[in-house]
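Report on the following structure.
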Amino acid sequence: MNTRTDWTRAEIAALFDLPFTELLFQAASVHRANHPPEQVQLCTLLSIKTGGCPEDCGYCSQSVKADSGVEATKLMDVQAVLQRAAQAKDAGSQRFCMGAAWRNPKDRDMPAIVEIVKGVSAMGLETCMTLGMLEPHQAEMLAEAGLDYYNHNIDSSPEYYERVISTRTMADRLDTLGNVRAAGINVCSGGIVGMGETRDDRVGFIHTLATLPQHPESVPVNALVPIKGTVLGDMLADTPLAKIDDIEFVRTVAVARITMPLSMVRLSAGRESMSEATQALCFMAGANSIFTGDKLLTAANAGDDKDAALFAKLGLTALKGEEPLRQAQRESSACLQAEPA
Ligand code: SAM
Ligand code: DTB
Ligand code: SF4
């Protein structure tokens, strides 16, 4: 199996440059060689601590710098989170992703977070948390609690990143990803397309992910949701032509699929304003995971009724089995244990 981590920027740029039908054919071939092509993983998002975040991410409604009208809340009560997780499970979700608008969790927050992870896991759901930067000891606490995934996005190319966020660096983000990996938690890391970046930035974005020592098990590809009161939301409102072209978005999904063949590629934020045809092209290009429900963290999502209709139209079904990278890891650790000393 080809899980190269030595991709060059030139190789990735050449994939982006392929004729669209050729790129789609290659991505679809890689996809069906590694994943059941008609199955899509369903994940549900919940904001467990909203707004008031000290970071200045230019896209985000939850930054204190944004004038988005999002009200800051405290960390949700454990029981209230578990209730929402039960609803997600009943709606057919495989993974429950919980987000907190923090620069990093404080140690005093950790006991409640650990209790939430244990409670959601006990329901038979996969757990994912996104809490900002993590110290090694915090990653270890989450691993011990049984956390399956940690989401921390690199967001864009190293060069464009600096134009979007000033309060922490790409190196800080990579450190957190390293801490998560070292603790043995699966990594979920991706970014946002359509922030006004160039094709070369999209190349750099995929290159950064595909050359990590180990590919992220999940790669969320978000299309910017332009939120009023955020730097990027307001910029896009003034220059509507800056909106990402649908075909370029599909190209980004396809290149993620080809370069990270075993990862789950998640069609994340931005689906609400995407046509069914564009989403269908993304599934063809190898996207095999979505967020369900009518809300992301603060922004609207497509919603279960629309998704059920789209799945019926396209003949897609919910993924039930194990994801390929996790299966490969389980099998290789079983082999290692079986080998004579
Ligand atoms: N505070 C944590 C952090 O930044 O790691 C977790 C929550 S943060 C909202 C999770 C991710 O959502 C961001 O890294 C970004 O990629 C994505 N995101 C946030 N706002 C978005 C928007 N308006 N459009 C698209 N994606 C967005
Ligand atoms: C990710 O890459 N996208 C999700 C999840 N990881 C946490 C968040 C999308 C947020 C969209 C904007 C909002 O809801 O405020
Ligand atoms: Fe805070 Fe995360 Fe939003 Fe950045 S993306 S402002 S870190 S909640």
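Points worth noting:
- Per-pair calculated FRET efficiency, R0 = 35 Å: Asp246 and Thr3 via Cβ, rounded to 0.05: 0.75
- Under a 5 Å amide H cut-off, with hydrogens placed 1.01 Å from N, Leu45 pairs with Cys97, Thr292 among residues at least 5 apart or on other chains.
- Cα gyration tensor category, rounded, prolate or oblate, for the stretch 145-293 with a/c compared to 1.5: oblate
- Rounded FRET efficiency, nearest 0.05, which uses the C-beta distance separating Lys313 from His137 and R0 of 30 Å: 0.05
- Whole-Å semi-axes of the ellipsoid equivalent to the stretch 1-158 (Cα gyration tensor, √5λ, descending): 33, 22, 16
- Amide H to amide H, with H built 1.01 Å from N, Asn104 comes under 5 Å of Met133, counting only residues 5 or more places away or on other chains.
- Couplings for the stretch 198-209, taken from phi via the Karplus curve 6.51 cos²θ - 1.76 cosθ + 1.60 with θ = phi - 60°, read 8, 4, 4, 5, 5, 4, x, 5, 5, 4, 4, 6 Hz in order; Gly and Pro are left as x.
- For the stretch 74-169, the list of chymotrypsin sites (Phe, Trp or Tyr not before Pro) that fall in a loop by DSSP and count at most 10 other C-beta atoms within 10 angstrom is empty.
- Remark: the stretch 33-40, residue by residue, has Karplus-estimated 3J(HN,Hα) of 6, 10, 9, x, x, 9, 10, 10 Hz, where x stands for each Gly or Pro and the curve is 6.51 cos²θ - 1.76 cosθ + 1.60 at θ = phi - 60°.
- Computed from phi, the 3J(HN,Hα) profile of the stretch 98-107 under the Karplus parametrisation 6.51, -1.76, 1.60 (θ = phi - 60°) reads 10, x, 10, 7, 10, 5, 6, x, 7, 4 Hz, with x in place of Gly and Pro.
No value in this document is a laboratory result; all are computed from the given coordinates. Remember, it's a predicted structure, so these values are computed and weren't measured experimentally. Don't worry about glycine lacking a Cβ; one is built from the backbone with ideal geometry, like all the others, and counts go over all protein chains shown.
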